[in-house]
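Enquirer: Take a look at the following structure, please.
Just so it is clear, none of the values below were taken in a lab; they were calculated from the coordinates. None of these values were measured; they are calculated from a predicted model. With ideal geometry, Cβ positions are generated from the backbone for all residues, glycine too; neighbour counts draw on all protein chains shown.
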Amino acid sequence: MAKFREDTSIYPLLINLASCLCQEVDEIHGPSLCYCGVLTGPLTLDFCGGDCAEGACGGQAWVRLVEGFPSSTFPSADSNLTNCGSPWAYQVEIGIARCAPQGESSGVNGYSPPTMEANVRALRQQTADLAAMRRAITCCFGSGDLDYIVGGYAQVDVSGGGCLGGAINIYVREEF
């Protein structure tokens, strides 16, 4: 059987960034995450449901490859007819989602929203997670060996899934 030929461009970077992220999240000393590492495919938030009781595991941190494309003018995609020789650029996502504050069903009166204290705790955690993501990016890219552009932070769309958090997109130029 032939030896597996591994990617040496983006794969090592994804693994390294995930390692940096998990280390930074551990150093927050916040609630335990159910998952921290690389994700494949579209974002699925699985760990913000009913297991978010005080002290229980809840949430996840991830690094995932969003897309890759030929790019001779980084970070723009090539639209030339003969772009097969162009270097590639990759969009990578780093993110953290935790349990969102939940309101309570109050029977006759309907719904009571989360308390101010619960919202402040969640915001404190969300901003600590954002700082951890920024430190992980610095850890991974701090050597200056790669050309990269860090995008903005945006909340993840969870459509009422009980999660609160966000992600940062990073554009990375392939090395040759």
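Enquirer: Sorting check: for 150-157, 3-10, 23-30, 162-169, which peptide has the highest mean count of neighbouring beta carbons within 10 Å, and how do the rest follow?
Expert: Output ranking for 150-157, 3-10, 23-30, 162-169: 162-169, 23-30, 150-157, 3-10.
Enquirer: Any idea how far apart Thr8 and Arg121 come out in nm if each label point goes 7 Å out from Cα toward Cβ?
Expert: 5.0 nm
Enquirer: Could I ask something else about it? Please arrange Met116, Met1 by how many other C-beta atoms lie within 10 Å of their C-beta, fewest to most.
Expert: Ranking Met116, Met1 by Cβ neighbours within 10 Å, fewest first, gives Met1, Met116.
Enquirer: Taking the beta-carbon count within 10 Å as an exposure proxy, list Ser72, Ser143 from fewest neighbours to most.
Expert: Exposure proxy ranking, most exposed first: Ser143, Ser72.
Enquirer: For Asp147, enumerate residues with amide H under 5 Å from its amide H, sequence gap 5+ or separate chain, H modeled in the peptide plane.
Expert: When sequence neighbours closer than 5 places are left aside, the close amide H contacts are Arg173.
Enquirer: Follow-up question, since we're still on this one. Share of antiparallel DSSP beta bridges in the stretch 11-173, in percent to the nearest 5?
Expert: Antiparallel bridges make up about 85 percent of those DSSP assigns within the stretch 11-173.
Enquirer: Given H placed on each backbone N at 1.01 Å, which residues far from Val156 in sequence or on other chains put an amide H within less than 5 Å of it?
Expert: Gly165, Gly166, Ala167
Enquirer: Let me ask something additional. Which residues' amide hydrogens lie under 5 Å from the amide hydrogen of Val66, considering only partners 5 or more residues apart or on another chain, with H built in the peptide plane?
Expert: Under 5 Å from the amide H of Val66 lie the amide H atoms of Gln91, Val92, Glu93, each far enough along the sequence or on another chain.
Enquirer: For the stretch 11-173, what relative contact order do you get, as a whole percent, if you take Cα pairs closer than 8 Å and at least 6 residues apart?
Expert: Relative contact order for the stretch 11-173 comes out at 26 percent.
Enquirer: Using only Cα atoms, find the angle between the long axis of helix 116-141 and the longest principal axis of the chain, and express it within 0 to 90 degrees, rounded to the nearest 10.
Expert: 20 degrees
Enquirer: May I pose another question? Order the peptides 37-46, 78-87, 122-131 from the highest to the lowest mean number of other Cβ atoms within 10 Å of their residues.
Expert: Packing proxy ranking, top to bottom: 122-131, 37-46, 78-87.
Enquirer: With θ taken as phi - 60° and the coefficients 6.51, -1.76 and 1.60, list the Karplus ³J(HN,Hα) couplings across the stretch 14-28 in order, rounded to whole Hz; mark glycine and proline as x.
Expert: Result, rounded to whole Hz: 4, 5, 5, 5, 4, 4, 4, 4, 4, 5, 5, 5, 4, 6, 5.
Enquirer: Let me ask you something else. Over all directions, how big on average is the projection of the convex hull of the alpha-carbon atoms in the chain, in square nanometres?
Expert: Its Cα hull, projected and averaged over all orientations, spans 14.1 nm².
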